[in-house]
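Working notes, beginning with the structure itself.
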Amino acid sequence: MDVENAKFMGRLSDQYYVNAESQQGLIDKRRMPEFRQNIATREWVIVSPGRGNPPLAYKSRRISQQSYDSDCPFCPGNEDRTPGAVLCRPGNVNWAVRVIPNKFSPLKISYSSIDLSSYSFAAASESSGIAEVIIESPEHNKSIAFMRLEEAMAVLNVYRQRYEAISRSDGISLVTIFRNYGPGAGTSIPHPHSQIVGMPIIPGSMRYLLNESIRYKDSHDRCLHCDIIENEQKLKDRMIIESDNFVVFCPFASGSPYETVIYPKRHAASYVSINDSEIEELGWVFRTIMLKIYNSLDDPDYNYMIRSAPVGEETAGYFHWHIQITPRIFDPAGFAIGSGIGVNDVAPEEAARRLREIGTDC
């Protein structure tokens, strides 16, 4: 992190807020567009709350679903319509969480690599790797926001178990866990499920994040993400939840409205290092923030992703695993697509305030 960026981030609470009730006609600076840079990736975003979309503008109106759908391949009784299970908890009968190979994955389950450099100036290889679907519940309409604590813990435990197994496979460089919820987030089957993918490469977006983390560690002998956590704890205006071992906040340079991250306070580079007591606490934290997002935006489409250090770097001092949650409540316009600069019309401080204040009643 450059000195200017550190100062820019730290000045936020001092510079950007003016009393909205001022009788002297002062401009409320929360309504003024501003450039912000994500210090972990160097990406820029324009925070433009002056466009004035109220919370209700983002409300979805999802049709409620039944707890069982006889046509759904992920519902109990339809197991023969999917590939055989890699893992079932607690067992094949009356399972709570079921893991299957993803037969629609673009990845081929193979570890051989083909060097095509002699045919092109660009690198290429076989699309090999491991892709699995984690069916999170036997109930067709139960997302993590509405799970009991033990149900959420079971999902998080399976995440850890499959992450560890896949990372031990030959040829795997990066393991990613993600969840697409709703058609706007890229899912076609509404039954609650997430995915885990092991790849032989590290994609560019993750590489940028890792490179900035390494550069900061080399320059300051500290973890960039630990410093971000410390800064958010100090400022508090973007903090949503703080428990004994986790923090939840809206990032300073959120690329879209209500983007949220969950970090463990304990420095750990990989999700595989999470222990049982932390999984129990994360289960509560994760359910709580997902229910707050559900209530605030009326069940929006969303993606979440667990970002971890590459395989073999599980004890690295430069990275800090975290969960990124991105509600999909608007489509990027031409400016964002053409410039590569996102436009966020809800200031992260305002999004965090709304999420803090919203209740968690089902």
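For the reader, a short list of remarks on this structure follows.
- Yes/no for HIS320 being in a loop (DSSP other than H, G, I, E, B), surrounded by fewer than 21 Cβ atoms within 10 Å (Cβ to Cβ) and modelled with pLDDT of 95 or more: no
- From the options ILE196, ILE201, ILE189, residue that is among the hydrophobic types (A, V, I, L, M, F, W, C) and surrounded by 20 or more Cβ atoms within 10 Å (Cβ to Cβ): ILE196
- Given (1) at pLDDT below 95; (2) part of a loop (DSSP other than H, G, I, E, B); (3) surrounded by fewer than 19 Cβ atoms within 10 Å (Cβ to Cβ), index of the condition GLY184 fails: (2)
- Of the residues screened, ILE166 is not one that is modelled with pLDDT of 95 or more, within 25 Å of TRP284 (Cβ to Cβ) and part of a helix (DSSP H, G or I).
- The residues in the range 47-106 that are under 24 Å from GLN161 (Cα atoms), charged (D, E, K, R) and at pLDDT below 85 can be counted, and the count is 1.
- Per-region count, the range 144-163, residues assigned to a loop (DSSP other than H, G, I, E, B) and surrounded by fewer than 20 Cβ atoms within 10 Å (Cβ to Cβ): 1
The values are calculated or read from the model by the stated rules, or taken from the named source; none is laboratory data. The structure displayed is predicted, hence computed values, not measured ones. Every residue, glycine among them, receives a Cβ derived from its backbone with ideal geometry; neighbour counts consider all protein chains shown.
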